[in-house]
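Presented below is the structure to which this report refers.
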Amino acid sequence: MLASGFAHRGHMVGIRNIEFGHVRHGAEFFGGALCDGQTPPGPGQHHRRTLFLGQFGYTKCERRVRQDSSDNEPLTCQNRHVATVVDMTSSLPSIGYLGGTGPAGSALAARLASVGYPGFIGSRTPERGQEVASELVAKWASRQLDLAGGDNAAAAQRDIIVLATPWDSAATTVTEHAEALRGKVVITMANALIRVGKEFQPLIPPRGSIAAHVQAAIPASHVVAAFQHLPAIELGALDHDVDSDVLICSDNNEATKTVSDMVAHIAGCRPLNAGLLSNALAIEALTAVLLQLNVRYKTRVAPRFTGIN
């Protein structure tokens, strides 16, 4: 099976400007064709070819290949915003979501399950995790999401872990499951924020960031800060792409690569290596600015960096 994603455009070479574009608008591309030289699909597989049509988007064409199909079989086309092709014929690692029943955790679970990552939504009570997973599977029944649910202990057994709890319980939660998390990639997506009057303000934890605090709590794991800036509502709306860069930082290069590959599977998202975990302070604090823009302009913004080829 093939699914759309975002083609990584290379390493960070500089930032000239930052655009906080509205997440409902797709990026603009130049003419050309993708997928040249791609191996033809076999029986029962899908073939997708993504074409760029000037600056106004592109058309994605798909043909279901049957035993009796031929090159003359018509293609069905669907207009989309963002272009690429990601091969999902190989199995992807499973993801456990600690405290994944909230808006951000459940939205990320649904989005990643829709591109082939099996997910397990954890909660303090197994019934709640099961309930949220069942609701997502039913809501997006046509996408056949590979999602299950239960308690956090079961979620901690998965290959990759997403810590989706509120910021003030993040370190406590991972400490309870430290042994199960040993040697695993643990993604933190929390931001320490408070609202003072009409303004959002970041809180600075003793170790500088939530991610650093979590890393200190589970030193045998590989903590990665990512997904702080993706609006939960847009992330969970699987009927359209997400238009955003995703800043990723970690002290472990392999962990950064693992999360970058996850991000690259999400249509419209581009992974950017933002350096070591010490930079999580700035990444988490930036969320306060984005929320303030949301309130002021009555929208949902997401960061898009220019000048990176």
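The values are calculated or read from the model by the stated rules, or taken from the named source; none is laboratory data. Worth saying up front: this structure is predicted, and the values here are computed from it rather than measured. Using ideal geometry, Cβ is built from the backbone for each residue, glycine included, and neighbour counts are taken over all protein chains shown.
So here's what we get for this one:
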read-out	value
Residue within region 212-224 that is outside any loop (DSSP other than H, G, I, E, B) and either under 15 Å from the mean Cα position of the chain (by Cα) or farther than 16 Å from Val162 by Cα (or both) present	yes
Output for region 111-144, where each listed residue is among the aromatic types (Phe, Trp, Tyr) and either over 16 Å from Met262 (Cα atoms) or touching a helix residue (DSSP H, G or I) at 6+ places or on another chain (Cβ under 6 Å) (or both)	Phe120, Trp140
Condition broken by Asp239, with the remaining ones in (1) part of a loop (DSSP other than H, G, I, E, B); (2) of a type in the set (Asp, Glu); (3) within 19 Å of Val186 (Cβ to Cβ) satisfied	(3)
Residue list for region 124-171, restricted to those being assigned to a loop (DSSP other than H, G, I, E, B) and aromatic (Phe, Trp, Tyr)	Trp140
Lone unmet requirement of (1) at pLDDT 95 or above; (2) over 12 Å from the mean Cα position of the chain (by Cα) for Thr287	(1)
Test: residue in region 242-251 that is at pLDDT below 95, closer than 20 Å to Glu284 by Cβ and in a strand (DSSP E or B)	no
Residue satisfying all of: in region 261-284; within 9 Å of the chain's Cα centre (by Cα) and part of a helix (DSSP H, G or I); nearest to Leu193 (Cα to Cα) among these	Val263
Which numbered condition Ala274 fails, given (1) under 17 Å from Leu112 (Cα atoms); (2) of a type in the set (Gly, Ala, Ser); (3) in contact (Cβ under 8 Å) with a residue 12 or more places away in the chain	(1)
Single residue of region 181-206 satisfying the filter (surrounded by fewer than 20 Cβ atoms within 10 Å (Cβ to Cβ) and aliphatic (A, V, I, L, M)) that is nearest to Ala288 (Cα to Cα)	Leu193
Val246 vs. criteria within 30 Å of Arg143 (Cα to Cα), without any contact (Cβ under 8 Å) to a residue 40 or more places away in the chain, touching a His at 6+ places or on another chain (Cβ under 9 Å) and among the β-branched types (Val, Ile, Thr)	yes
